[in-house]
1. Only one of (1) part of a helix (DSSP H, G or I); (2) modelled with pLDDT under 85 is not met by residue 506, so which one is it?
2. Could you grab the pairs with beta carbons closer than 6 Å, sequence gap of 6+ or different chains, first residue in the range 219-233 and touching a residue at least 40 places away in the same chain (Cβ under 8 Å) and more than 16 Å from residue 71 (Cβ to Cβ), second one part of a helix (DSSP H, G or I) and among the small types (Gly, Ala, Ser)?
3. Any idea how many residues of the range 370-410 are of a type outside the set (Phe, Trp, Tyr) and at pLDDT below 80?
4. Can you name the helices (runs of 4 or more DSSP H) wholly within the range 540-594 that have at least 2 residues being charged (D, E, K, R) and in contact (Cβ under 8 Å) with a residue 12 or more places away in the chain?
5. With 450, 455 as the choices, which residue is surrounded by 13 or more Cβ atoms within 10 Å (Cβ to Cβ), among the hydrophobic types (A, V, I, L, M, F, W, C) and at pLDDT 65 or above?
6. Looking at 441, 478, 425, which is the one that is closer than 25 Å to residue 321 by Cα, touching a Leu at 6+ places or on another chain (Cβ under 8 Å) and not assigned by TED's automatic domain parsing to the domain that holds residue 637?
7. Among the residues of the range 555-567, are any over 30 Å from residue 380 (Cα atoms) and surrounded by fewer than 16 Cβ atoms within 10 Å (Cβ to Cβ)?
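The values are calculated or read from the model by the stated rules, or taken from the named source; none is laboratory data. Being a predicted model, the structure only gives us computed values, none of them experimental. Cβ placement follows ideal geometry from the backbone for every residue including glycine, while neighbour counts extend to all protein chains displayed.
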Amino acid sequence: MKKITKGIVFGFVLLWVFGMISAYYVFHKPIQYSQLQTLAQGLFSLVICVSILSISGGLGSLIVRNDDKQPLITMMLQASMGLGIVSVVMLFIGISIGYSEWVLWGLLIAPFILLPERMISWWKLAREINDEDRKRDGLSSILLLYVGLVFGVTFLVALTLPTKFDSLVYHISLPKIYLQEGHFQFVSWLMYWGMPQVTEMLFTWAMGLGSLQTPLMMGWLVGLLASMAVFRVIQINVSKTAGYVSLASLLAGYTTAQSLSWGYVNWMNMLYGTAFLLCMWQWYKAQVETYQRQNNKGLSGENGRYFLTLGGIFMGFSMGVKYTSGVLIFVGFIIILFGSKKIGRKRGWSNLFMFLGAAGLTFSPWLIKNVLATNNPLYPFIFPAGSMDRIRLNFYQNQPTYDAWWKDFLLPISSTILGKEGAAGFGASIGPLLFPLGFVGAVLGKREKLQGTELYKTALLIIIPGLMIWGIAGFFSGFLIQTRLYYALFPSIAVLAGIGFEGMKDLRIKKIRLQSVVAALILLVVGLNSFQLLKINLEKLVFNKVVGLVDDEGYLSVNTGWYAPAMEELQDLPKGSNVLLLWEPRGLYCIPRCNPDEILDRWIHDYLRYSTTQTIIKSWKEEGYTHILYNSQGAEFIKGTDFRYEAGAWAELDVLLGSLPEPRDLGGGYTLYEMGK
């Protein structure tokens, strides 16, 4: 009886307190639904992206076997393999049955039914995180806080909306087009369609299940996966502190840190660059062990064959992210040359053919789709095809080379000091730690205590030829000097940075330890970066957007300027309107009502092709355009900097604009012209 009475009292008190609290907040709402909307959408995006990653890990475990000694690294390799497979599957589905909602959800649900054990097994590899020794020195603890801050802030950015340039031009624009059309198709007016699209296919699936910001979360998770692998490989083979230094060096740049949540392909490229490094390291180690055992089997050894094939597969996937990852072909050749030199030339050629065959298999879908659409496997490069006629091709490939040869020759120095996000030249800020500490690692890694580590040698064999190719490419095209094109090399530089810090351990003058001085400098860098990271994202109203204090329009206006209200105006145009953008390449927020000026060549192309105002306007009307959105600020910038435009083209532009009806000023240099009948 007492127990029953106690139970009644317990239930009554709980219901009373809960009921009163609930009733209070019915009339005193501290948080409005609109304030929760961004957070709710973001968390839903997180669930979708984690599900895609889980499916990828399960699929990858069918090919990449478990290694109990390195579970976190195995986890990354399996996920990398699965993500590549998923991208190819999405390509074929888009070409065949299309991206209907039921297909996309079916693809998400089916693996949970067919591969649950594989997916659970993949997640169990993360147990190593809990098994870690939590004892760390002061430097490691501070660097861990910095890494946590970077991922924490960029996670909040990933809950917002795409605002960065390349995501608005094509990384997220292409998935939006595919989903609107319901299938994968040739986008003739967007030259970037010809680029390989491993990342864009993953974005298509994520966006089809979620919303416009879901690709940002997908990119963030990929960056987290790559970072964990870089840290873990240094921690195992060098030291825990060196692992934190390695990771902090990679995240010490504005571009490398902030791009985690931009919806770019940078970190996907680093993910495959990491996977390539790890597999080629394991292959190289297997060759050394084979030679040391005086067993001249070379490639016939199981580990050698297995890791070499995986290295080729990951190289192919990396090229499927960016063409310029083809630098790894030459790098792979160098590694195989060094690894095979003691087992005979014939065996070395066999190694190379196996490596290239595996790479060709995973890269070939992107060549095939270009051939089917344009008859040019490397579209939009090399020769005219598709929408790239001779005029456009010459304009795009005739990029001015960099202004001084020594900036190409001294890449580690010049790209570190002169590289700035969004600026001409290197176009990225990679921070003051990565290359300087990487150089120290390249030198000090030869010391006796580190001599013989195949990881060090493999990283060095990747970086030396990689930097040479980067520098040579810069001599031929100013476009090819851009840092973001070579992110597949960065994990290897980060490995050398960790080795470099460890190599300073025994260097001292009297009682002053070199490592302690450098550690203080590293702390200064991460301190300044932390301030910059918080300051910039506060200015961009990221935190306000997440908690609902600013709406989508306000957030986009702060982060994209007058572009956002201009896009709103285009959305309000009458049904059937089709707007040609001049000197505005960002089309994400006006598709399908607009055709962006993707490489800022639309006017010069049509001027050279048609010559006169009347013919140009006639051609535009025949293509279905009803309006022109003219970005005068963009035009003035190009007029003052781009030698490829001739004076006659600008004079004819004034004639053309003057012949149109009175325009509407949208602000910030954006002017909307109606074409008329």
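1. (1)
2. Listed by first residue and then by second, the contacts come to 220/261.
3. Residues flagged as of a type outside the set (Phe, Trp, Tyr) and at pLDDT below 80 within the range 370-410 amount to 10.
4. The helices (runs of 4 or more DSSP H) meeting that bar are 552-560, 563-571.
5. Going through 450, 455 in turn, just one is surrounded by 13 or more Cβ atoms within 10 Å (Cβ to Cβ), among the hydrophobic types (A, V, I, L, M, F, W, C) and at pLDDT 65 or above: 455.
6. 425
7. Within the range 555-567, one or more residues are over 30 Å from residue 380 (Cα atoms) and surrounded by fewer than 16 Cβ atoms within 10 Å (Cβ to Cβ).
Residue by residue, here is whether (1) assigned to a helix (DSSP H, G or I); (2) surrounded by 13 or more Cβ atoms within 10 Å (Cβ to Cβ); (3) in contact with a Gly (Cβ under 6 Å, 6 or more places away or on another chain) holds:
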residue: 10; (1), (2), (3): yes, no, no
residue: 49; (1), (2), (3): yes, yes, no
residue: 65; (1), (2), (3): no, no, no
residue: 83; (1), (2), (3): yes, yes, no
